[in-house]
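What follows is a single structure, written as structure tokens, with notes after it.
The values are calculated or read from the model by the stated rules, or taken from the named source; none is laboratory data. Note that the structure is predicted; figures quoted are calculated from it, not measured. Positions of Cβ are generated from backbone atoms using ideal geometry, with glycine treated the same way; all protein chains shown enter the neighbour counts.
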Amino acid sequence: MKKQHLILLIVSLVVVSTITALWTVRAQEVDSLEVPTTPNIMAEMPNATIIQSPSITRLMHDKIYGITHGKKEMPGWRVQVYSSNKQVIAKQEAETLKAQLEPELEEPVYIQSIQPMWKVRIGNFLSQEEALAYRDSLIKRFPELQAEAYPVRDQIEIEQ
């Protein structure tokens, strides 16, 4: 039994030594290769003109200087007023509720489909307290929403 272990150890050392030697030789071969350098394209064409859309120039400028436009998403709160997994009617009910609420509210109304659920959520609130206060005012205006209206964590949109 000890002889078998000793033979296995010797064979393992020989294999490892051989692999190490081959890697060393290969590394020396790669180091000795001459890699051609890429020519400077602009040096070969000093009179080249780059033509690009002004919108690309503006995007590059804004990216370099960290300027953002429009809406930005961040973690926040919304008030959920509807959710259902009834595949046949849930989408239609969500769209109907959004159509009823949107003209009456100053906050945006969102429909979210996260399979198998359809949800209607309102607002973009930074804190749970803001969402709760809005829920209370919403229930006063629309008492029929009381059973399903509650604050939920969500990705909200904020203006830049």
Residue 70 vs (1) at pLDDT below 75; (2) surrounded by 10 or more Cβ atoms within 10 Å (Cβ to Cβ); (3) within 30 Å of residue 157 (Cβ to Cβ): all pass except (2)
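Got a sec? Which of 100, 115 is under 26 Å from the mean Cα position of the chain (by Cα) and on the phi < 0 side of the Ramachandran plot?
115
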